[in-house]
Every structure is written in structure tokens, then in C-alpha cells.
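Participant: A single structure is presented below for examination.
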Amino acid sequence: MWFVVDVRVNDKYSNNDVLDIIKSNVSCEVTARSTRLNSSGVNETNPIKQVAINLNINTYRSNKVGEFLFVDELNQAIPKYISLLTIPRRTLNDFLTSIFLKGIT
């Protein structure tokens, strides 16, 4: 008999860490399909994240089983995404410079 377990980790653990935890807590053979792609997180001081926050864009969305997007959510997201990509270079440079200077002082 065999079974499949879908395990999704956060940025606090690596896939190998979780695999070791599982192996140490079960009495069956455990084989990972892959441990290649680990979760990652973005620091609050990341300049691109700061731009998104400045544009009032939600910077976190979790993956959930059966998750989907409503058409209305996509319609709201498209203009925000375009505005993020089309910030004038000078404005973006000034904004990023001000973030870095705040971090230094």
C-alpha cells in the first residue's frame, strides 16, 4: 500500500528539513518526489515590495488547496500591475533612493 502527501512549507523551513521531520515521525518508508523548489519570503524592506505597498497593493497572498481568482479580482489587479510596471524611471529612482536613505539614517 502506498499514498501521496502534498506538503507545502513556508519560508521558515526547507523542504529537506520538513522531509526529515516527517521521516522521524512515521514508521513507513518516505520518498520525496522532489525537494528542489523551496518556499521563499520577501523582506519588508525590499524596494520592490515598498513600491507595491506605496501603491496600496496587497503584498501577500497564500496558496490554498482549490484556490481560485474571481474575474473581478483580476479586473482590479490588472491596472495595479500596469501602474507598478509603468512608474516613471525618475520617480522610481527617487522613491528607491528615499527608502535606502531612510534605512541608513
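Read-outs: derived from the displayed coordinates by stated rules, not from any lab. No experiment lies behind these values; they were computed from the predicted model shown. Cβ coordinates were reconstructed from backbone atoms using ideal geometry, including for glycine residues, and neighbour counts include every protein chain displayed.
Participant: If you take the alpha carbon radius of gyration of region 1-86 and divide it by 2.2 N^0.38 Å, what ratio comes out, to two decimals?
Facilitator: Numbers: Rg = 18.2 Å, N = 86, 2.2 N^0.38 = 12.0 Å.
For region 1-86, the normalised Cα radius of gyration comes out at 1.52.
Participant: Sticking with this one: How much FRET efficiency would the formula 1/(1 + (r/R0)^6) give for residue 12 and residue 75, where r is the Cβ-Cβ distance and R0 is 41 Å, rounded to 0.05? Can you show the working numbers first?
Facilitator: On the way: r = 34 Å, r/R0 = 0.83.
After rounding, the FRET efficiency stands at 0.75.
Participant: With θ set to phi - 60° and the Karplus curve 6.51 cos²θ - 1.76 cosθ + 1.60, what are the ³J(HN,Hα) couplings of region 36-52 in order, to the nearest whole Hz, using x for Gly and Pro?
Facilitator: Values, residue by residue: 5, 9, 8, 5, 9, x, 10, 4, 4, 8, 4, x, 5, 5, 5, 4, 4 Hz.
Participant: Going by average Cβ neighbours within 10 Å, how do the peptides 18-31, 42-55 rank, with the highest at the top? Mind showing how you got there, number by number?
Facilitator: Working: 18-31: 10.9, 42-55: 13.3.
Peptide ranking by packing, descending: 42-55, 18-31.
Participant: A further question on this structure: Please compute the length gained on full extension between residue 20 and residue 86, using 0.36 nm multiplied by the number of residues separating them and subtracting their Cα-Cα distance.
Facilitator: Working: separation 66, 0.36 × 66 = 23.76 nm, distance 4.47 nm.
Additional length available on full extension: 19.3 nm.
Participant: Output ³J(HN,Hα) for region 7-14: one whole-Hz value per residue in order, computed from phi by the Karplus curve 6.51 cos²θ - 1.76 cosθ + 1.60 with θ = phi - 60°, and x for Gly and Pro.
Facilitator: Each residue of region 7-14 in turn: 10, 10, 9, 8, 6, 8, 10, 8 Hz.
Participant: To continue, here is another question. Hey, what do the phi angles of region 16-22 turn into as Karplus ³J(HN,Hα) couplings, whole Hz, using 6.51/-1.76/1.60 and θ = phi - 60°, x for Gly and Pro?
Facilitator: 5, 4, 5, 4, 4, 4, 4
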